[in-house]
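Rule-based calculations on the coordinates, nothing more; no lab input. The model shown is predicted, which means the values in this text are computed figures rather than measured ones. Glycine also receives a Cβ, built like all others from the backbone with ideal geometry; neighbour counts cover every protein chain displayed.
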Amino acid sequence: PFKTIIVSQSSNASFKTIQSAIDFVPSENSQWIHIQISSGVYREQVVIPINKPCIFLQGAGRNSTSIEWGDHGNATFYTKANNTIAKGITFTNTLNKPIILEDTSTTITQAKAARIHADKCVFFDCAFLGVQDTLYDDDGRHYYRNCYIQDGPERDGVITAHKRQTPNDTSGFVFKNCNITGAKGKTMLGRSLRPYARVIIAYSFLSNVVTPEGWSARTFVGHEGNITFVEEGNRGPGANKSKRVKWMKHLSGLALDQFLNISYIDEEGWIAELPPKIFI
């Protein structure tokens with residue numbers, strides 16, 4: 001059992017904003033706090049400070065509970081606290097909207113819907129909506145399940161920009177059993193933001209929105225051997241690898257399984273220790 005705080009926009013609610021509920025959580029909290037968020041659009045920026053771990057935000061479903069804000073410099077939702085969980089919530093940065101579909105001269109600026117800068121964070125049944133840099137999946141181990149991420153629906157883009165800095169850095173982006181689709185425009189699967197970027201996409205559906213070359217070394221041309229971009233077991237018109245960059249890596253067997261197994265981020269078994277309610 002854990003303490004539950006209810007956030008609602010009803011007139012008699014004790015907490016009408018999500019931030020006020022987070023502010024109510026004691027600093028250096030070590031027990032799970034369940035913040036139950038009723039249906040509605042909550043127009044606010046939400047920040048979980050580093051000294052407030054073990055917060056479980058649960059909405060009424062991503063089609064019913066949303067957090068919206070429009071800001072270039074700051075994410076709509078930003079957690080710095082370990083053990084942050086969110087379920088059934090849509091996070092939206094409304095900056096840059098609406099996009100004029102055919103006007104490519106329109107300046108589009110960074111608009112993060114969420115920034116996750118903490119360890120052991122989990123998002124179930126959530127959505128992240130924006131136009132550029134929608135989800136800043138920063139430092140730490142993070143697990144996203146049954147989530148929807150939308151970025152720049154009418155512009156050419158790139159899905160990932162990984163920042164692995166050294167060969168000893170264990171981080172990487174892993175997409176398993178995902179759907180990569182789009183409307184207008186084309187997208188690359190990834191570009192290298194740092195010299196040892198690592199992205200694995202496996203057993204996923206790739207639509208024709210994916211460019212033939214698939215990947216970019218960006219400013220690390222000539223050092224592609226340090227970059228680990230991998231596609232294995234994918235399907236769909238965008239999964240054709242015949243015109244991919246020649247330096248894309250191939251992994252199989254244990255070399256691939258080490259990334260696809262949940263133990264890649266869960267070697268300590270921390271996911272099994274999450275509140276059972278999240279899995280219902």
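Points to keep in mind about this one:
- Residues whose amide H falls under 5 Å from that of Ile6, counting only those 5 or more places apart or on a different chain, are Gln36, with hydrogens built in the peptide plane.
- Normalised contact order of the chain, rounded percent, pairs of Cα under 8 Å and 6 or more residues apart: 10
- A simple charge model with +1 on the Cβ of Lys and Arg, -1 on the Cβ of Asp and Glu and nothing else charged puts the dipole of the chain at about 360 debye relative to its Cα centre.
- Cross-link reach is defined here as a Cα-Cα straight distance under 25 Å, omitting same-chain residues fewer than 8 places apart; for Lys80 the lysines meeting it are Lys3, Lys16, Lys52, Lys112, Lys120, Lys163, Lys277.
- Three-way shape label, the range 152-223, alpha-carbon gyration tensor, a/c 1.5: oblate
- Shape of the range 183-270, Cα gyration tensor, a/c cut at 1.5: oblate
- Phi angles of the range 270-277 translate, via the Karplus equation with coefficients 6.51, -1.76, 1.60 and θ = phi - 60°, into HN-Hα couplings of 6, 5, 5, 8, 6, x, x, 4 Hz per residue; Gly and Pro are given as x.
- Top of Leu251, Leu129, Leu189 by mean-square fluctuation, Gaussian network on the chain, Cα under 10 Å: Leu251
- Positive-end residue of Thr65, Cys54, Leu206, charge dipole of the chain with Cβ unit charges: Leu206
- By the rule of a C-alpha distance below 17 Å, with chain neighbours fewer than 8 residues away ignored, the aspartates and glutamates paired with Lys249 are Glu213, Glu224, Glu231, Glu232, Asp257.
- Distant-in-sequence amide H partners of Gln132 (H built 1.01 Å from N, under 5 Å): Ala111, Gly152
- 3J(HN,Hα) couplings calculated from phi for the range 40-57 with the Karplus curve 6.51 cos²θ - 1.76 cosθ + 1.60 (θ = phi - 60°) are, in sequence order, x, 9, 9, 8, 6, 8, 10, 10, 9, x, 4, 8, 10, x, 6, 10, 10, 8 Hz; Gly and Pro show x.
- Within a Gaussian network of the chain (alpha carbon springs, distance under 10 Å), most fluctuating of Gln45, Gln19, Gln150: Gln19
- For the chain, the mean residue ellipticity at 222 nm estimated from helices alone is -1500 deg cm²/dmol, where every DSSP H run of n ≥ 4 contributes -39500 (n - 2.57) and the total is divided by all residues, rounded to the nearest 500.
- When the chain is treated as a GNM with alpha-carbon contacts under 10 Å, the residue of Gly152, Gly269, Gly185 showing the greatest mean-square fluctuation is Gly269.
- Global geometry of the range 1-81, whether rounded, prolate or oblate, following the gyration tensor of its Cα atoms and the 1.5 cut on a/c: oblate
- Karplus-based coupling profile of the range 70-80, in residue order and whole Hz: x, 8, 7, x, 10, 6, 4, 10, 9, 10, 10, with θ = phi - 60° in 6.51 cos²θ - 1.76 cosθ + 1.60 and x standing for Gly or Pro.
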